[in-house]
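Beneath this line is the structure, given in structure tokens, with notes to follow.
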Amino acid sequence: MAPEITFFPVGNGDMTLIKLESGRTILIDTNIREPGDGVRDVAKDLRGELKKDEGGRPYVDVMVLSHPDEDHCRGLEAEFHLGALSDYCDDATPKKIVIREMWSSPLIFRRASKTHKLSADAKAWNREAKRRVELFRENGIGADGDRVLVLGEDKDGKTDDLGDVLVKEGETIRAVCGVRQNNFRALLLAPLLADDDEEDEVLSKNESSVIVNYAIGAGNNPDAVKFLSGGDAEVAIWERQWARHKDNPAPLEYNLLSTPHHCSWRSLSSDSWSDLRRKAKVNPDARAALSQALPGATIVASSNVIKDDDVDPPCIRAKEEYDAIARDARGEFWNTSTYLSEDNQQPLKFEVSEGGLKRVKKRADPATTAASSAGLGKQPLMHG
Ligand SMILES: [Zn+2]
């Protein structure tokens, strides 16, 4: 099959599904809110994209959690099966989604729990990841439903005994559920292990997130699309990415970028948007890290509608930067909350071919033709 990448409209939050050429699926984050009143039933959309196993259970091959904020794991307990597969409830309607392999970062959990209280969904994810890690420690690599990869080495030797399931910063994942994929690589760029407590403190306060550059290949082109996904990582994190990769920025290059932190100004600047407005200055290193756009690159803001006001995220000034980056690459900028239109939000889906990324065109249903023919889907670039 042709690989696909789908951004579900979840407001200020993330929920993105990658389908590989092999048919394997990778879900990045989830923000499933109560549907109705302008909120789309994205759980239904997601189930519509997933295959079922021999037991009739819908599943994702991989779910990766960028970081444990509620807008990245909301709906986990309600919609996903957690615990041993032998405890799966067949009577539930709709059936819960099985996560065959979790990609989780205890380092990010440790940093997040220093700065704020974790939600019930976040705690549930952590519990399930720990269950799987414990199983690995006892019995080695488990079967689907018990699998886990741990992203990022933690301090004080906490992750030293994790051998085959530990992925260190700078390493590349090539297998999904233990099966090597032809047209897939996932390069882990963050979290970074801090050299000392002071540095750890800085990284904690800057929304440490898993940052991955996914190479999604098709046919004879293993690099058809590079998709840079960085959760809510903020300015200090991107500064460090630039320091690390400026001599050879290839690890940061992308054909598709999900704007970090829902098009937040805080990923591009240390200045407060609401206090300084137009006087706020861009951090050149963070911007450089986020502007390694390959020709024709697509930039997607998974956020609320971007307006010219004090709100952040999403921030109009951040959008202007991403517009400029997209324009320089002769690319495009999209906002999940205005696709197809603000009143008719639809999943934003791209297909990957040997030639690169292409949006799957949605035909508007007759009831909404008026709204979508107004061309509100793609947010126009700010200038020419
Ligand atoms: Zn977020």
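The values are calculated or read from the model by the stated rules, or taken from the named source; none is laboratory data. Since the structure is predicted, the reported quantities are computational estimates derived from the model, not experimental observations. Every residue, glycine among them, receives a Cβ derived from its backbone with ideal geometry; neighbour counts consider all protein chains shown. These accessible areas exclude ligands, DNA and RNA; they are computed on the full protein's heavy atoms, side chains included. Shrake-Rupley method; radii C 1.70, N 1.55, O 1.52, S 1.80 Å.
Return the carbon/sulfur percentage of the accessible area of the chain, one whole number, probe 1.4 Å, all protein chains in place. Each step should come with its number before you reach the end.
On the way: 7310 of 16160 Å².
In the chain, the share of accessible area belonging to carbon and sulfur is 45 percent.
Name the shape class, rounded, prolate or oblate, that the alpha-carbon gyration tensor gives for segment 239-312, where a ≥ b ≥ c are the square roots of its eigenvalues, rounded holds for a/c under 1.5, and otherwise prolate holds if a/b is larger than b/c and oblate otherwise.
Details: a/c = 2.77, a/b = 1.43, b/c = 1.94.
Oblate is the answer for segment 239-312, as a/c is 1.5 or above yet b/c matches or exceeds a/b.
Over segment 4-373, what is the relative contact order in whole percent, taking alpha-carbon pairs under 8 Å and six or more residues apart? Show your work: numbers first, answer last.
Values: 818 pairs, mean separation 55.4, N = 370.
Reported as a whole number, the value is 15 percent.
Quick one: net charge of residue 131's neighbours, Cβ under 12 Å, K/R +1, D/E -1?
Details: positive: 127, 130, 132, 137, 147; negative: 87, 128, 134, 138, 146.
Within the 12 Å Cβ shell, the charges total 0.
How would segment 232-356 be classified by its alpha-carbon gyration tensor: rounded, prolate or oblate, with rounded meaning a/c under 1.5 and the a/b versus b/c comparison settling the rest?
Working: a/c = 2.07, a/b = 1.03, b/c = 2.01.
Taking the square roots of the gyration eigenvalues as a ≥ b ≥ c, segment 232-356 is oblate.
When the dipole is taken about the Cα centre of segment 210-287, and only Lys, Arg (+1) and Asp, Glu (-1) are charged at their Cβ, what size is it in debye, to the nearest 20? Could you put the intermediate results ahead of the total?
Working: 10 positive and 9 negative charges, 58 e Å.
In total the dipole reaches around 280 debye.
Would you mind working out the magnitude of the charge dipole of segment 4-373 relative to its Cα centre, with +1 at each Lys and Arg C-beta and -1 at each Asp and Glu C-beta, to the nearest 20 Debye? Working shown, then result.
On the way: 52 positive and 66 negative charges, 186 e Å.
Dipole size: approximately 900 debye.
Would you list the membrane-span-like helices of the chain, meaning whole DSSP H runs whose alpha-carbon atoms span at least 20 Å along their axis and whose mean Kyte-Doolittle value is at least 0.5?
Length and hydropathy pass: none found.
Using a ≥ b ≥ c from the Cα gyration tensor of segment 4-373 (square roots of the eigenvalues), is it rounded, prolate or oblate, where a/c under 1.5 gives rounded and otherwise the larger of a/b and b/c decides, a/b for prolate? Write down the numbers at each step before the final one.
Values: a/c = 1.41, a/b = 1.11, b/c = 1.27.
Rounded.
Among 235, 58, 204, whose Cα sits farthest toward the positive end of the charge dipole of segment 4-373 (+1 at Cβ of Lys/Arg, -1 at Cβ of Asp/Glu, about the Cα centre)?
Positive-most Cα among the choices belongs to 58.
Trypsin sites (Lys or Arg not before Pro) within segment 238-272: which are DSSP loop residues with at most 14 other Cβ atoms inside 10 Å? It would help to have the intermediate numbers written out before the result.
Working: sites: 240, 244, 246, 266; in loops: 246.
Passing both the DSSP loop test and the Cβ count: 246.
Straight-line reach from residue 51: which lysines have Cα under 24 Å away, leaving out those fewer than 8 places along the same chain?
Of all the lysines, those that pass the test against residue 51 - Cα under 24 Å, at least 8 places apart if same chain - are 19, 95, 96, 349, 358, 361, 362.
Could you let me know the centre-to-centre spacing of segment 1-58 and segment 213-232, using Cα atoms, in angstrom?
18 Å
Suppose all protein chains stay in the model; what accessible area per residue would a 1.4 Å probe give for the chain, in Å²?
Working: 16160 Å² over 384 residues.
With all protein chains present, the chain gives 42 Å² per residue.
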